[in-house]
Every structure is written in structure tokens, then in C-alpha cells.
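In what follows, a single structure is set out as C-alpha cells and then discussed.
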Amino acid sequence: MRSLALAGATCLALVLTGGAGLAADKVTLTYMASQDWVKDAEQALAKKFEEKTGIAIDFQILPSGQYFNVLQAKLNSGEGPDMFGGQSGVTDLKLQYGVEKNAVDLTSEPWAAKMDPLVTAQATVGGKLYGLTYWDVLGNTWVISYNKKLFSQYGLAAPKTYAEFKALCQKLADSGIQPLYEPVADGWHHVLWFPELGPRFEEVTPGLADALNANTATFAGNPTMLSAVTQLKEVYDLGFMGKNALADVYTGASKAMASGQVAMVLANTGFASLVEHDYPDMKASDIGVFLMPLADNQRININPAGPTHFIYSGSAHIDAAKQYLDFLAQPENVDYFIDNTPTAMTLPFEGAKSKFSADVQTLFDAHKDARGTVYQTAVNYVNPQWMDIGADLTAMFTGAMEPAKVLANIDKRRGDLAKAAKDPAWKK
């Protein structure tokens with residue numbers, strides 16, 4: 001009997017470590033994720049993983065509108081999937097996913113030290129890393145894209161201060177060129193100009209995000225924040241966003257850039273490729289990039305939160321799940337994912353390849369030590385009020401609200417959200 005038990009254990013070990021020729025159904029890992037979080041390239045990698053190890057991955061993809069409720073029900077019932085997807089971000093990890101109870105500590109996994117430190121921080125609670133963020137967070141960095149030919153024609157250079165930005169906008173406007181395409185009508189895009197400047201706010205006031213989360217600081221009264229919002233209003237008031245900003249939508253951004261009548265668009269780092277795809281007469285190499293210069297910002301705004309893989313603490317196959325995450329993080333598999341995912345410019349791992357344009361890569365390389373986390377991720381209770389902030393900024397543009405009131409409203413809503421969440425920092 002003892003020899004049979006040992007044989008059984010050996011067989012299971014072979015399945016978990018890649019025994020050739022064993023049935024794939026010896027171990028099947030369930031991975032539950034929201035729609036669009038699992039790319040085709042990962043599913044192909046999962047097949048390769050199964051061929052190598054005999055461990056199959058059963059992807060359970062749910063519509064985004066249903067996902068969170070279904071996942072919560074499973075976690076609360078103690079019947080979670082072997083792995084589950086979730087948006088990283090320290091607040092969400094604590095309040096939405098309860099990772100300290102529901103997820104496995106991955107701090108000592110071999111890939112952990114290779115993940116980007118800013119990304120790691122948003123998948124970490126209480127000093128423990130709980131998730132593998134397999135998402136192109138750098139590709140979602142918002143920068144100002146500009147028409148190089150127009151800048152050259154009018155003798156302009158990428159600005160590094162707000163004064164320089166204002167001056168070049170004025171020169172473009174005086175020359176009959178709309179300086180900036182800003183689609184206010186969507187309600188969300190013009191908000192980017194404020195919380196994305198989190199790294200600058202943090203540079204001027206070190207530790208500000210922590211103080212805001214501890215309820216020992218406010219948005220209202222912060223001079224750097226007030227300066228940024230006031231300057232944004234001035235950009236609108238001077239007509240630099242064009243005559244139709246309140247009616248413009250983001251889907252028109254690539255057309256606006258390709259028209260040659262608009263010089264700049266606030267867009268993510270893949271925008272140049274999108275313009276070339278939509279309008280082949282304009283090449284990606286004709287579009288340069290620079291950082292949002294409100295409040296004299298010169299720090300790259302990284303949003304290091306994104307869809308992340310977690311291992312359920314109640315899984316019967318934790319070791320097998322760890323093998324899968326380690327497999328995904330292998331350099332050749334990271335590069336395979338990037339090569340075979342059109343929307344991915346890179347992944348947040350040391351040594352990962354990049355598909356960024358030369359201009360974007362130069363920008364990143366020049367600011368390796370000058371970057372930080374955007375405030376919708378670094379500061380609690382900002383992201384949930386995104387559209388409310390948008391409404392306030394629109395009211396500011398139209399003269400119905402002062403910049404200082406915009407900041408005060410953010411504080412008020414943060415307090416309401418924090419109290420609803422029973423945040424201890426708001427019980428003082």
C-alpha cells in the first residue's frame with residue numbers, strides 16, 4: 001500500500017512539474033476574468049503551458065457588467081476559482097477583493113523582483129505582493145502628441161513649462177492653427193489634465209498622497225493643485241482648445257490630428273500608430289510627444305494599476321497556479337505576448353521588449369528617474385468620482401464654478417466615499 005501511495009504522489013508531482021505524456025486533465029486550473037482582460041496571446045501561451053506541464057487552464061470569461069458581483073459571490077462563499085483577475089490598486093485590493101484573505105502571497109516568486117516597482121506597489125498590501133500585473137500599463141500613459149511639421153513650420157519646440165506651453169499655443173492660434181483638440185463632451189477626457197499630474201504634486205509636496213489617504217491633507221488649498229486647475233481654465237478661456245471643445249468627442253482625435261489644422265492632442269502613447277492606421281498619409285513618425293506642462297510638470301505620469309492575476313487562497317492547486325504565473329513571466333513569453341497583442345506596446349517587466357515609437361521611447365528614457373503614480377491610483381476615492389470631477393471642470397470652463405471650488409468638491413466627495421467605506425482615517 002505504501003508503494004502505491006508513493007507512486008500516486010510521484011504521478012501527481014510529474015503532472016505539476018511537466019511530466020511528458022500525462023493526461024492534461026490531471027490538473028485543470030480555473031481562471032475567472034472580466035471580458036477583454038484575457039488577450040488571445042495569453043490563451044495561446046496557456047496552450048503552450050499545458051503542452052509543457054500537462055496543466056490545463058480553463059478560462060472563465062464573464063461580461064464586465066457581471067464580473068465583479070459573480071466573483072464576490074464566489075469569494076464570499078469560499079468557492080473561488082483557482083485564479084481570478086482583478087484591477088490592481090491598493091484601495092481596490094483591500095476593499096474590493098480582500099486579497100489578504102482571498103489571495104496567495106506571491107512576494108517570494110522568482111518573477112516578483114522583475115516587475116516594475118510602481119506596478120508592484122499597486123499589487124501589494126501590508127508589504128506582501130499578491131498579484132501578477134500582465135497588462136501594458138506604460139502604453140496607457142497619457143502625453144501630449146503634437147504635429148512635428150506644424151511645430152517646425154512655426155519654429156516651435158516641445159515646452160517644459162506652462163509659460164512656454166502658453167506662448168506656443170498663442171503663436172499657433174495667431175497663425176490660424178487650433179493649438180489643442182480637447183474633447184470635453186465625453187465627460188472623462190478633460191479630467192486627465194488634473195489627477196494625471198500626481199507625480200508633480202508629489203514632487204512639490206513629498207508624501208502628499210499618503211497624507212491625503214490619512215485624511216491629514218486636502219486638495220483645497222494646495223497651491224500646486226490650484227495652479228494646475230487655474231492654468232487649465234486659462235487654456236480654455238484663451239480659446240486654445242478650439243471653438244467646439246464642449247461638443248468635441250475623443251473619437252474625433254485622430255481625424256483632428258491628421259487634418260493638419262490642429263497641432264496637439266492629449267492621448268496615450270500608442271496614438272501616433274492609431275493616426276497612421278486611420279489616416280495613412282500621416283505617418284507615426286510625424287507625431288512627437290511631450291509631458292503635460294501644467295504646474296510646470298516634467299515627470300512622467302504612470303498609472304501602474306491594471307488587470308492583475310491573483311491566486312485564490314482556497315485553491316487546491318496553488319503550486320500549479322504559481323507555475324502558470326511564473327511561466328507567463330518568463331522573458332520569451334513576455335515578448336511573445338507583446339509581439340502578438342496589437343494593443344500592447346510592452347509589459348511591466350525588466351528587459352521586456354518595446355514597440356513604442358522612437359519619440360515615445362526617447363521620452364521614457366529621458367525620464368527614467370522622473371516619474372510617478374497618477375493620483376487617481378495613488379490617492380483613495382479619486383477615481384470613483386471621475387465623471388463628477390469632469391462635470392465640475394466643465395462648469396469651471398463655462399464660468400459657473402471657480403477653480404478653488406473644484407478642489408473643495410473633490411474633498412467633499414472623498415469624505416463621503418470614505419465614510420461610506422468606513423475608512424478609519426475619517427473617523428477622527
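Counting heavy atoms of the protein chains only and a 1.4 Å probe, report the per residue accessible area for the chain as a whole number of Å². Before the final figure, lay out each step's value.
Working: 18530 Å² over 428 residues.
Value for the chain: 43 Å² per residue.
Tell me which aspartates and glutamates have Cα within less than 17 Å of Lys52's Cα, excluding those fewer than 8 residues away on the same chain?
Those aspartates and glutamates meeting the cut-off are Asp25, Glu42, Asp319, Asp326, Glu332.
Using alpha carbon centroids, what distance separates the stretch 27-52 and the stretch 193-263, in Å?
Measuring centre to centre over Cα atoms gives 38 Å.
Output ³J(HN,Hα) for the stretch 329-344: one whole-Hz value per residue in order, computed from phi by the Karplus curve 6.51 cos²θ - 1.76 cosθ + 1.60 with θ = phi - 60°, and x for Gly and Pro.
In residue order, the calculated couplings are 7, 5, x, 5, 7, 4, 5, 4, 4, 5, 5, 10, 10, x, 7, 9 Hz.
Of Phe68, Val104, Gly80, whose Cα points farthest to the positive end of the dipole of the stretch 60-121 (charges on the beta-carbon: +1 Lys, Arg; -1 Asp, Glu; origin at the Cα centre)?
Ranked along the dipole, the leading option is Phe68.
Largest first, how would Ile61, Ile55 line up by accessible area (1.4 Å probe)? Could you put the intermediate results ahead of the total?
Working: Ile61 80, Ile55 0 Å².
Highest to lowest solvent-accessible surface, that is Ile61, Ile55.
When the accessible area of the chain is split by element with a 1.4 Å probe, what percent falls to carbon and sulfur? Don't skip to the answer; put the middle values down first.
Working: 9710 of 18530 Å².
The C+S portion of the solvent-accessible surface of the chain is 52 percent.
Between the alpha-carbon centers of the stretch 80-106 and the stretch 350-388, tell me the distance in whole angstrom.
Between the Cα centres of the stretch 80-106 and the stretch 350-388 lies a distance of 23 Å.
Run the dipole for the chain about the Cα centre, Lys and Arg Cβ at +1, Asp and Glu Cβ at -1, nothing else charged, and hand back the magnitude in debye, nearest 20.
Values: 35 positive and 46 negative charges, 132 e Å.
Value, rounded to 20: 640 debye.
Could you order His317, His189, His277, His367 so the one with the most accessible surface comes first? Probe is 1.4 Å.
On the way: His317 60, His189 0, His277 145, His367 30 Å².
Largest accessible area first, the list is His277, His317, His367, His189.
Looking at the chain, what % of its DSSP beta bridges pair antiparallel, to the nearest 5? Numbers along the way, then the final one.
Values: 21 of 37 bridges.
If I count the DSSP bridges inside the chain, around 55 percent turn out antiparallel.
Which whole-number percent is the relative contact order of the stretch 116-213 (Cα, under 8 Å, 6+ apart)?
Details: 32 pairs, mean separation 11.2, N = 98.
Worked out over the stretch 116-213, it gives 11 percent.
Work from the charge dipole of the stretch 354-428 (Cβ charges, +1 for Lys and Arg, -1 for Asp and Glu, about the Cα centre) and give the residue of Met396, Trp426, Pro384 farthest towards its positive end.
Trp426
What residues from the stretch 208-237 fall in the zone where the backbone N is under 20 Å from a label point 7 Å along the Cα-to-C-beta line of Lys171?
Within reach of a label on Lys171: 235-236.
How long are the semi-axes of the equivalent ellipsoid of the stretch 94-161, defined as square roots of 5 times the Cα gyration tensor eigenvalues? Whole Å, largest first.
Working: eigenvalues 335, 31, 20 Å².
Semi-axis lengths for the stretch 94-161 are 41, 12, 10 Å.
What is the angle, in °, between the Cα long axis of helix 223-237 and the longest principal axis of the Cα atoms in the chain? Nearest 10 is fine, range 0 to 90.
The two axes meet at around 60 degrees.
May I ask for log10 I(q)/I(0) of the stretch 278-388 at q = 0.16 Å⁻¹, from a Debye sum over the Cα atoms as equal point scatterers with solvent left out?
With one equal scatterer per Cα and no solvent, log10 I(q)/I(0) is -1.05.
If R₀ is 56 angstrom, what is the calculated FRET efficiency for the pair Ala366 and Asp58, using the beta carbon separation as r and rounding to 0.05?
Working: r = 44 Å, r/R0 = 0.79.
Efficiency for this residue pair is about 0.80.
Given the protein chains as shown and a 1.4 Å probe, how many square angstrom of Ser254 are accessible, to the nearest 10?
Ser254 has an accessible surface of roughly 10 Å² with all protein chains in place.
Would you mind counting up the charge near Gly155? Only other residues with Cβ under 15 Å from its Cβ, with Lys and Arg at +1 and Asp and Glu at -1. Before the final figure, lay out each step's value.
On the way: positive: Lys148, Lys149, Lys171; negative: Glu164, Asp174.
It works out to a net charge of +1.
For Glu196, Glu276, write out the residues from largest to smallest accessible area, computed with a 1.4 angstrom probe and no ligands counted.
Glu276, Glu196
Once you keep just the Cα pairs under 8 angstrom separated by 6 or more residues, what percentage relative contact order results for the stretch 213-368? Please list the in-between numbers first.
On the way: 94 pairs, mean separation 29.2, N = 156.
Relative CO of the stretch 213-368 lands at 19 percent.
Going through the cross-link list Lys48/Lys101; Lys47/Lys94; Lys47/Lys322; Lys26/Lys322, which pairs have a Cα-Cα distance over 28 Å in this structure? Spell out each step's value before the answer.
Working: Lys48/Lys101 31 Å; Lys47/Lys94 32 Å; Lys47/Lys322 16 Å; Lys26/Lys322 16 Å.
Cα-Cα > 28 Å for Lys48/Lys101; Lys47/Lys94; rest within.
Note down the relative contact order for the chain as a percent, whole number, built from C-alpha pairs under 8 angstrom at least six residues apart. Don't skip to the end; give the middle numbers.
Values: 719 pairs, mean separation 102.7, N = 428.
Contact order relative to length: 24 percent.
Could you point to the residue in Thr230, Thr91, Leu212 farthest towards the positive end of the chain's charge dipole, with +1 and -1 charges on the Cβ of Lys/Arg and Asp/Glu respectively?
Leu212
With charges only on Cβ, +1 for K and R and -1 for D and E, what is the dipole size of the stretch 248-322 about its Cα centre, in debye, rounded to 20? Intermediate results must be reported in sequence, preceding the final value.
Details: 4 positive and 7 negative charges, 45 e Å.
Dipole magnitude for the stretch 248-322 comes out near 220 debye.
Restricting things to Cα coordinates, could you compute the convex hull volume per residue of the stretch 180-293 in Å³?
Numbers: hull volume 13.1 nm³, N = 114.
So the per-residue hull volume is 115 Å³.
What's the local net charge at Gly314, with K and R +1, D and E -1, over the other residues with C-beta under 11 Å away?
Working: positive: Lys74, Lys101; negative: Glu79, Asp82.
Charge balance in the 11 Å sphere: 0.
For the chain, with equal point scatterers placed on the C-alpha atoms only and solvent neglected, what are the log10 I(q)/I(0) values from the Debye formula at q = 0.12 1/Å, to two decimals?
At q = 0.12 Å⁻¹ the computed log10 ratios are -1.04.
What are the equivalent ellipsoid semi-axes of the stretch 55-202, built from the alpha-carbon gyration tensor (square roots of five times its eigenvalues), in whole angstrom, biggest first? The partial results should precede the final answer.
On the way: eigenvalues 374, 67, 42 Å².
Equivalent ellipsoid of the stretch 55-202: 43, 18, 14 Å, largest first.
222 nm [θ] for the chain, helices only, -39500 (n - 2.57) per DSSP H run of 4+, per residue, to 500? If you can, show how the numbers build up before the last one.
Details: 19 runs with 183 residues, N = 428.
After summing the helix terms and dividing by residue count, I get -12500 deg cm²/dmol.
What's the magnitude of the charge dipole for the stretch 31-177 around its Cα centre, counting Lys and Arg as +1 and Asp and Glu as -1 at the beta-carbon? Answer in Debye, nearest 20. Walk me through the numbers on the way to the answer.
Details: 14 positive and 16 negative charges, 136 e Å.
Taking the Cα centre of the stretch 31-177 as origin, the dipole is about 660 debye.
Net charge near Gln323, counting Lys/Arg +1 and Asp/Glu -1 over other residues with Cβ under 12 Å of its Cβ? Kindly include the intermediate steps, with their values, before the conclusion.
On the way: positive: Lys52, Lys322; negative: Glu50, Asp82, Glu109, Asp319, Asp326.
Net local charge, Gln323 excluded: -3.
The values are calculated or read from the model by the stated rules, or taken from the named source; none is laboratory data. What you are looking at is a predicted structure, and each value in this text was computed from that prediction instead of being measured. Every residue, glycine as well, gets a Cβ built from its backbone with ideal geometry; the counts of neighbours run over all protein chains shown. The protein model used for the area step is the full one, side chains on, heavy atoms only, and it has no ligands, DNA or RNA in it. Shrake-Rupley method; radii C 1.70, N 1.55, O 1.52, S 1.80 Å.
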